[in-house]
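Beneath this line is the structure, given in structure tokens, with notes to follow.
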Amino acid sequence: MVQRRSQRFQFDTLEIDRDASQPLHRQLESQLREAIRSGRLRPGEKLPSTRGLCNQLQIARNTVAAAYEQLLAEGYLEAEIGSGTRVSQQLPEQTAPSSVAKKPSPKTSRRGLAKRAEEVDRYADWAPRTITTPLPFRPHTPAIDQFPRDIWQRLADRRIRRLPRLTYLGVDPAGYPPLRSAIAAYLGASRGVACSAEQIIVTSGVQQGLELIARLLLDPGDSFWLEQPGYSPAWHAFTAHGAVGVPVPVDEQGIDVAAGERLCPRPKLAYVTPSVQWPAAVTMSLPRRMQLLEWAEQSDAWIIEDDYVGEFRFAARPQQALAAIDPHGSVIYLGTFSKVLFPGMRLGYLVVPEPLVRAFATSRWLADRHSPVFEQATLTDFIEEGHFARHLRRMRKLYAARQAAMFTALETSFGSAMEFQRNEAGLHVVAKASDSRQNRRLQRAADEAGVEYHLVDQYSASAGKTPGMILGFAAFNEQQIAEAAQAWADRFFA
């Protein structure tokens, strides 16, 4: 008797939990990966189209597309024009060399990851494996279509012809000296930060700056303050080095210093985003800034100021940085070009007190020697020839208009069903409903409409207790903003 072939996989049995903290595309991705590994989804079996699966599961099409793209990148799926997406005939585990695939005996092998890797692995889901086109209202995304690529191309072409031959061998680990001078001059004029070029450490974005800070300023067991809710990747970088995080609440004036002193009076450092708090988008008041600086001096603690979008204040002139009014040398300042120019640049910088320069430059050398010389030299010309300042002025005007369009669209589409703060700075808005049930409805409607967002809860140490959705507007024009808000509202009120 011929054995009947097993029944095809039933995709409508996949479970999507909209109340879980894990993003929907990660849930779908992990379930499909497990089904392939277990053999329930067989090699060569065809998957539904993104449109078909999103209809079956009642989720957004871009959620399905993101899961498919990740599994394609990992080798679990393959796609051909005209034949759709299928399970790969040869899975990644099958193509691995046998010497790697063979499991070592736990009694004899000492190979393996260090204990710290267990801490790092907790944050694996935060690291994106694929880059997708942003949809309204993805946060953290500038208007890359407005970047003057023609000017950058011209500068890059000129630089590749004129870059001194010696720089092909490398540069100072702290950064290309002319770029450090250009950054110091810009900070003095625009952000009020008086510093020398020698105090500038060029990094591969803010995240590498946080990694250097964790390595050099925090020993295992040291405590640190971080705003609650706050920028979780800073928490990740510090706790991965064995430090102990203390979430400190934020109010309308910024981090609550008095609450921090009650929770942990003498941490090694405090990480803050005073110009535009992430994610609450409040600006730290001057009295609160002075209180924080005084506390740092009395407690012998460092303040880490992340000024990620301090240039984008729309109602008035950008405020001076915290480092500009620091009389004690307690502030280490972080800046980035990834948010103000384009994320793929991966160039940022630290401003460190002079006694720390040697240690930070040496640690930068140990990490990866230095950032690419060519990009540093091109950016130097972009700044020194005035293109950077002109681009910032243009973007400040554009983002102000897009922020106003966002406020109008949300108010017009949702009325009193949605609450949001009309902040005067930053590139995002935090929105929420009146109660937890309505908040869940907002999230479901956004998923169904294909609206991208981050949950405030993702950046909170108290999971499930901090309502709100973070909505970015910088990358989208007024029409895209209005249409996305209306599509979202249509599903919310349906």
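The values are calculated or read from the model by the stated rules, or taken from the named source; none is laboratory data. The shown structure was predicted, so the numbers you read here are calculated from the model rather than taken from an experiment. Please note: Cβ atoms are built from the backbone with ideal geometry, for glycine as well, and neighbour counts cover all protein chains shown.
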Region 393-412: number of residues that are buried (at least 21 other Cβ atoms within 10 Å of the Cβ) and under 14 Å from Ala489 (Cβ atoms): 3
Leading residue by the ranking (modelled with the lowest pLDDT) among those in region 76-88 that are touching a helix residue (DSSP H, G or I) at 6+ places or on another chain (Cβ under 9 Å) and under 26 Å from Glu452 (Cβ atoms): Ala79
Some residue of region 271-281 being surrounded by 21 or more Cβ atoms within 10 Å (Cβ to Cβ) and over 18 Å from the mean Cα position of the chain (by Cα): no
Neighbours by Cβ (under 6 Å, 6+ apart or cross-chain): first from region 360-374, under 20 Å from Gly344 (Cα atoms); second of a type in the set (S, T, N, Q) and assigned to a helix (DSSP H, G or I): Val373/Thr167
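Yes/no per residue for (1) closer than 30 Å to Gln421 by Cβ; (2) over 25 Å from the mean Cα position of the chain (by Cα); (3) modelled with pLDDT of 95 or more:
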{"position": "Arg191", "(1), (2), (3)": "yes, no, no"}
{"position": "Cys195", "(1), (2), (3)": "no, yes, yes"}
{"position": "Leu210", "(1), (2), (3)": "yes, no, yes"}
{"position": "Leu218", "(1), (2), (3)": "no, no, yes"}
{"position": "Pro233", "(1), (2), (3)": "yes, no, no"}
{"position": "Val257", "(1), (2), (3)": "yes, yes, yes"}
{"position": "Thr283", "(1), (2), (3)": "yes, no, no"}
{"position": "Leu292", "(1), (2), (3)": "yes, yes, yes"}
{"position": "Glu297", "(1), (2), (3)": "no, yes, yes"}
Residue within region 394-408 that is of a type in the set (S, T, N, Q) and not assigned by TED's automatic domain parsing to the domain that holds Arg289 present: yes
Enumeration of residues in region 316-338 that are over 20 Å from Ala143 (Cβ atoms) and hydrophobic (A, V, I, L, M, F, W, C): Ala316, Ala321, Leu322, Ala323, Ala324, Ile325, Val331, Ile332, Leu334
Output for region 221-233, where each listed residue is assigned to a loop (DSSP other than H, G, I, E, B) and more than 9 Å from Val244 (Cβ to Cβ): Pro229, Gly230, Tyr231
When residues of region 50-82 are limited to those that are more than 21 Å from Asp17 (Cα to Cα) and in contact (Cβ under 8 Å) with a residue 12 or more places away in the chain, the one surrounded by the fewest Cβ atoms within 10 Å (Cβ to Cβ): Ala73
Residue in region 198-205 that is within 23 Å of the chain's Cα centre (by Cα) and surrounded by fewer than 23 Cβ atoms within 10 Å (Cβ to Cβ) present: yes
First in region 384-400 and over 16 Å from Arg180 (Cα atoms), second anywhere and part of a helix (DSSP H, G or I) and not charged (D, E, K, R), Cβ under 6 Å, 6 or more apart: His387/Ile151
Tally, over region 347-377, of residues that are assigned to a loop (DSSP other than H, G, I, E, B) and not basic (Lys, Arg): 6
Test for Ala281: is it at positive phi and touching a residue at least 24 places away in the same chain (Cβ under 8 Å): yes
Flag for Arg159 being more than 23 Å from Val331 (Cβ to Cβ), touching a residue at least 12 places away in the same chain (Cβ under 8 Å) and outside the structural domain of Arg346 (by TED's automatic domain parsing): yes
Test: residue in region 9-21 that is aliphatic (A, V, I, L, M), at pLDDT 85 or above and buried (at least 19 other Cβ atoms within 10 Å of the Cβ): no
Region 451-482, subset part of a helix (DSSP H, G or I) and touching a residue at least 60 places away in the same chain (Cβ under 8 Å), residue nearest to Lys432 (Cα to Cα): Val456
Candidates Leu216, Leu210 - the one that is over 22 Å from Thr380 (Cβ atoms), surrounded by fewer than 22 Cβ atoms within 10 Å (Cβ to Cβ) and in contact (Cβ under 8 Å) with a residue 24 or more places away in the chain: Leu216
Residues within region 320-346 that are in contact with a Ser or Thr (Cβ under 8 Å, 6 or more places away or on another chain), part of a loop (DSSP other than H, G, I, E, B) and surrounded by fewer than 21 Cβ atoms within 10 Å (Cβ to Cβ), tallied: 1
Some residue of region 170-183 being modelled with pLDDT of 95 or more, touching a helix residue (DSSP H, G or I) at 6+ places or on another chain (Cβ under 8 Å), part of a helix (DSSP H, G or I) and under 29 Å from Ala280 (Cα atoms): yes
Qualifying residue in region 171-190 (condition: assigned by TED's automatic domain parsing to the domain that holds Val244 and under 30 Å from His454 (Cα atoms)): no
Tally, over region 410-450, of residues that are out of contact with any helix residue (DSSP H, G or I) (no Cβ under 8 Å at 6 or more places or on another chain), assigned to a helix (DSSP H, G or I) and among the acidic types (Asp, Glu): 1
Residue in region 254-266 that is in a helix (DSSP H, G or I) and surrounded by 18 or more Cβ atoms within 10 Å (Cβ to Cβ) present: yes
Search result, residues across region 214-237 that are over 22 Å from Leu455 (Cβ atoms) and hydrophobic (A, V, I, L, M, F, W, C): Ala214, Leu216, Leu217, Leu218, Phe224, Trp225
Test for Ser299: is it in contact (Cβ under 8 Å) with a residue 24 or more places away in the chain, in contact with a Cys (Cβ under 6 Å, 6 or more places away or on another chain) and surrounded by fewer than 24 Cβ atoms within 10 Å (Cβ to Cβ): no
